[in-house]
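The structure appears below as structure tokens.
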Amino acid sequence: LMSRWVGSTLERQDALNRLEEACRQLKEVNRLKDEFLATVSHEFRTPLTAIKAAAWILEQRLEGELNASQQGIVSIVITHADHLHRMINDLLDLSKMESGEMRYKHAEGDLARLAREVSISLSQLYAEKDIELALELRVESAPATFDHDRLRQVLLNLLANAAKFTSRGGKVTLRLLREAAGVRLEVEDTGIGLASEHFEKIFQKFYQVDGSSTRSVGGTGLGLAICKAIVEEGHHGRIWVESAVGEGSIFIVTLPTASNPELTALDSPS
Ligand code: ADP
């Protein structure tokens, strides 16, 4: 009996050792993946910057006039280089998120001003797509402490998605309102909408709703995962979607102020 007991204990110890070794190997592979992601996304930026600069020189006619067909070719290069640039930035952000190296630079600012700024910067994109972009500020100003660049990134991302999944003639509204506990930003579109089974999943990295209409517009499936990290980890806020297929979506971001010492209290309602 004693030897059987010793035997099974040894077997168990052996199995445990093997599990630990497998775990160690998996962690190492995961670390290598993160390192690979960081290196690749970083290294891709240098040649891409050169491509963009060269295309810009042509576009600006610094090397002479272009005929219509050459102009068309240059604008294809620029569009796709910009797209690649955004995807590489997403990968870089993902690698920072995975390694816990996403750093935030909080400073005092005005969320109403940020919303105005963002809507102006996208006005051309929206005009080209023939989608109305409405800015609905329910407060004059919303002073708060936040990471300006990162929250701008969230709004740009939500508004770019809204434009991507809304057809011509549609409407997108960027709304800012005050809530009891802080401030609320909404991006509402009249686009294709989402079924409730996807509401949570679209905020996971690489998740894209599988359908030819969404797949055909491209993207990495990282944007919303990055938005979620910025809002929740960087600002102790919340982000979620309310939607119905064929009716459009509302992406909602709430940022606490009272419960969050990093954010200053907003002005009392005027
Ligand atoms: P990407 O846009 O690069 O695919 P995101 O993380 O930004 O990645 O979005 C994930 C998925 O969520 C999209 O592929 C799409 O299926 C869905 N989605 C995001 N925004 C909208 C929207 N405004 N309307 C409908 N579906 C959306």
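The values are calculated or read from the model by the stated rules, or taken from the named source; none is laboratory data. These figures come from a predicted structure and were not determined experimentally. Cβ placement follows ideal geometry from the backbone for every residue including glycine, while neighbour counts extend to all protein chains displayed. SASA here: full protein model, heavy atoms, side chains in, ligands and nucleic acids out. Shrake-Rupley method; radii C 1.70, N 1.55, O 1.52, S 1.80 Å.
Assuming residue 209 fulfils every condition listed in (1) near the ligand (Cβ under 9 Å from one of its atoms); (2) at pLDDT 95 or above apart from one, which condition is it?
(2)
Residues of region 84-139 being among the β-branched types (Val, Ile, Thr), part of a helix (DSSP H, G or I) and over 16 Å from the mean Cα position of the chain (by Cα), which ones?
Answer for region 84-139, where residues must be among the β-branched types (Val, Ile, Thr), part of a helix (DSSP H, G or I) and over 16 Å from the mean Cα position of the chain (by Cα): just 120.
For residues that are in contact (Cβ under 8 Å) with a residue 60 or more places away in the chain and open to solvent by 30 Å² or more (accessible area, probe 1.4 Å), scanning just region 126-149, find the one that is farthest from residue 97 (Cα to Cα).
140
Does residue 229 satisfy the condition of being surrounded by 16 or more Cβ atoms within 10 Å (Cβ to Cβ), within 9 Å of the ligand (Cβ to nearest atom) and either of a type in the set (Gly, Ala, Ser) or at pLDDT below 90 (or both)?
no
Failed condition for residue 134, given (1) at pLDDT 95 or above; (2) within 14 Å of the ligand (Cβ to nearest atom), with all others met?
(2)
Please go through (1) among the acidic types (Asp, Glu); (2) modelled with pLDDT of 95 or more; (3) open to solvent by 80 Å² or more (accessible area, probe 1.4 Å) for residue 35 and return the number of the only condition it doesn't satisfy.
It is condition (2) that residue 35 fails.
Out of region 174-203, which residues are open to solvent by 10 Å² or more (accessible area, probe 1.4 Å), near the ligand (Cβ under 10 Å from one of its atoms) and in contact (Cβ under 8 Å) with a residue 60 or more places away in the chain?
188, 189
Has region 93-105 got at least one residue that is among the small types (Gly, Ala, Ser) and either at pLDDT 95 or above or exposed (fewer than 15 other Cβ atoms within 10 Å of the Cβ) (or both)?
Yes, region 93-105 has at least one match.
May I ask you to list the residues in region 75-92 that are surrounded by fewer than 18 Cβ atoms within 10 Å (Cβ to Cβ), of a type in the set (Val, Ile, Thr) and in contact (Cβ under 8 Å) with a residue 12 or more places away in the chain?
Hits for region 75-92 are 77, 78.
Kindly provide the set of residues from region 139-150 that are closer than 18 Å to residue 179 by Cα and in contact with a helix residue (DSSP H, G or I) (Cβ under 7 Å, 6 or more places away or on another chain), ordered by number.
139, 140, 141, 142, 144, 146, listed by residue number.
Of the numbered conditions (1) open to solvent by less than 50 Å² (accessible area, probe 1.4 Å); (2) on the phi > 0 side of the Ramachandran plot, residue 61 satisfies every one except a single condition; which is it?
It is condition (1) that residue 61 fails.
Does residue 171 meet the test of being out of contact with any helix residue (DSSP H, G or I) (no Cβ under 6 Å at 6 or more places or on another chain), near the ligand (Cβ under 9 Å from one of its atoms) and among the charged types (D, E, K, R)?
Answer is no for this residue.
Can you find even one residue in region 55-75 that is modelled with pLDDT of 95 or more, under 30 Å from residue 257 (Cβ atoms) and assigned to a loop (DSSP other than H, G, I, E, B)?
no
Regarding residue 112, is this residue in contact with a Ser or Thr (Cβ under 6 Å, 6 or more places away or on another chain) and either closer than 24 Å to residue 37 by Cα or not basic (Lys, Arg) (or both)?
yes
Being open to solvent by less than 80 Å² (accessible area, probe 1.4 Å), among the acidic types (Asp, Glu) and in a helix (DSSP H, G or I) is the requirement here; does residue 43 meet it?
No; evaluated as a whole, the condition is false for this residue.
Identify the residue in region 150-168 that is in contact (Cβ under 8 Å) with a residue 40 or more places away in the chain and more than 15 Å from the ligand (Cβ to nearest atom) and, among all such residues, is surrounded by the fewest Cβ atoms within 10 Å (Cβ to Cβ).
Only one residue tops the list, namely 150.
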